[in-house]
Amino acid sequence: MSDTQLARGDVEDAPDVGELTPPDRTLMGPGPSDVHPRVLRAMSTPLVGHLDPSFVEIMDEVQELLRYTFRTDNQWTIPVSGTGSASMEAAIGNLVEPGDTMLVPTNGYFGGRMKSMAERAGGEVVEVSAPWGEPLDPVDVERAFDEHQPDVFGFVHAETSTGVRQPDVPALTEVAHAHDAYVIADCVTSLGGVEMRVDEWDVDVAYSGPQKCLSCPPGASPLTLNDRAMDKVLDREEEPRSWYLDLSLLEGYWGEDRAYHHTAPITNVYALREALRLVAEEGIEERWARHRDVAGELKAGLLDLGVEMNAAEEYWLPSLNAVRVPDGVDDGAVIEHLLEEYDIEIASGLGDLEGDIWRIGCMGHSARPKNVEYVLAALEDALGEQGF
């Protein structure tokens, strides 16, 4: 091929790409989790337009199911078109205005992501400190409020990087509201698997991703705002920096008007609808209990193998089990052995815990006894390969 042809972008032959045949993994990492067969079937159903009357009805159903799962009556409860980071940025980028101060935690990787998003939204960021692997102490949160008087407070309900669940959420929201601040909760690794009560716990904004405890492919991500938070969004003096995630514009599509804003990821909304139907059929409290029970079996089995949990019992996160890598064991070799020999996915640590822990998910359709037995047997074999 001549230089002239290359410059024009001419291609002699079409790419020879075969049929899609991804491996059949057992997904026991920090997400995605195994997708329920009913959700996969829903994704294969015919496409309709994003303003089709039948799709508008589906939108209503998805919103109703999301309210049930979030435990909220918030009118403003929607799936954001995008992955969990899109619903996260929609929450922070709309609620935080230039000149606002946002208080964020330092006890995990995703507190750092909150910080980055708030700064990009024009906010000033202050921090409330806690070690990686521990929850926030409400006393420390109150001290940070007294010192900085933030306008918005964000916390991570289920920290995926450390396997820590934030206990006693109402203690945090009470502090924030006593200072007239708004509360944003990261529920990415808890929604649909770990107890979360948006209304009862007085959370103003909560966001999540569909690919964890909901066992749904990423692409349409849950978000809910109460009236107080939505009033702040609609009363902004300056438009949010993202047009795509501007909730004042999305209100026209997901609100009563159902007016065009963007083309929704229709198939992903189908998938989310079916995943949420499964939540409702099981019952949200029963689903929380299943995650506790099955993850409890996993934890007991891990302790029998002689490995320790990263989080203390009082703030253990059932959906994401952070396990300390024993001395002398190569964490990457274990992960590779599980993937190559057993088609099981688990993950290593992030940030401050990189190389120190494994992260083993127990979420949604993956939270089944047979999966727990399988991963424990595979892990025992992988550790034995290293003489542990």
### Task
Scan the stretch 111-134 residue by residue and report those that are among the hydrophobic types (A, V, I, L, M, F, W, C), open to solvent by 20 Å² or more (accessible area, probe 1.4 Å) and touching a residue at least 40 places away in the same chain (Cβ under 8 Å).
TRP132
### Summary
Only unsatisfied item for GLU274, checking (1) open to solvent by 30 Å² or more (accessible area, probe 1.4 Å); (2) among the charged types (D, E, K, R); (3) modelled with pLDDT of 95 or more, is (1)
### Task
Considering only the stretch 361-388, state which residues are open to solvent by 40 Å² or more (accessible area, probe 1.4 Å) and small (Gly, Ala, Ser).
ALA377, GLY384, GLY387
#### Entry: Answer from HIS50, HIS36 - the residue that is more than 19 Å from the chain's Cα centre (by Cα), crowded, with 18+ Cβ neighbours inside 10 Å and not acidic (Asp, Glu)
HIS50
### Task
Examine the stretch 233-249 for a residue that is buried (at least 18 other Cβ atoms within 10 Å of the Cβ), at pLDDT below 95, charged (D, E, K, R) and at negative phi, and state whether such a residue exists.
no
### Message
Scan the stretch 362-377 and tell me whether some residue there is part of a strand (DSSP E or B), among the small types (Gly, Ala, Ser), modelled with pLDDT of 95 or more and under 23 Å from THR189 (Cα atoms).
### Response
no
### Message
I need every pair where a residue in the stretch 42-62 that is assigned to a loop (DSSP other than H, G, I, E, B) has its Cβ under 6 Å from the Cβ of a residue that is exposed (fewer than 13 other Cβ atoms within 10 Å of the Cβ), sequence separation at least 6 or different chains.
### Response
VAL48/SER54; HIS50/THR263
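Report yes if some residue within the stretch 90-102 is open to solvent by 80 Å² or more (accessible area, probe 1.4 Å) and part of a loop (DSSP other than H, G, I, E, B); otherwise report no. I'd like the intermediate steps shown before the answer.
Just the residues of the stretch 90-102 that are open to solvent by 80 Å² or more (accessible area, probe 1.4 Å), to begin with: none.
The answer is no; no qualifying residue exists.
Out of curiosity, is ALA333 of a type in the set (Gly, Ala, Ser), more than 18 Å from TYR374 (Cβ to Cβ) and either within 21 Å of the chain's Cα centre (by Cα) or at pLDDT below 95 (or both)?
On the way: of a type in the set (Gly, Ala, Ser): yes; more than 18 Å from TYR374 (Cβ to Cβ): yes; either within 21 Å of the chain's Cα centre (by Cα) or at pLDDT below 95 (or both): no.
Against the criterion (of a type in the set (Gly, Ala, Ser), more than 18 Å from TYR374 (Cβ to Cβ) and either within 21 Å of the chain's Cα centre (by Cα) or at pLDDT below 95 (or both)), ALA333 does not qualify.
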### Task
Go through the stretch 341-355 and count every residue that is open to solvent by 50 Å² or more (accessible area, probe 1.4 Å), farther than 13 Å from LEU27 by Cα and modelled with pLDDT of 95 or more.
1
### Boolean, TRP358 is among the aromatic types (Phe, Trp, Tyr), open to solvent by less than 30 Å² (accessible area, probe 1.4 Å) and within 17 Å of the chain's Cα centre (by Cα)
no
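Yes or no: THR106 of a type outside the set (Lys, Arg) and either free of Cβ contacts under 8 Å to residues at least 12 places away in the same chain or surrounded by fewer than 18 Cβ atoms within 10 Å (Cβ to Cβ) (or both)?
yes
The values are calculated or read from the model by the stated rules, or taken from the named source; none is laboratory data. The model shown is predicted, which means the values in this text are computed figures rather than measured ones. Note that each Cβ is placed from the backbone with ideal geometry, even for glycine, and that neighbours are counted across all protein chains shown. The protein model used for the area step is the full one, side chains on, heavy atoms only, and it has no ligands, DNA or RNA in it. Shrake-Rupley method; radii C 1.70, N 1.55, O 1.52, S 1.80 Å.
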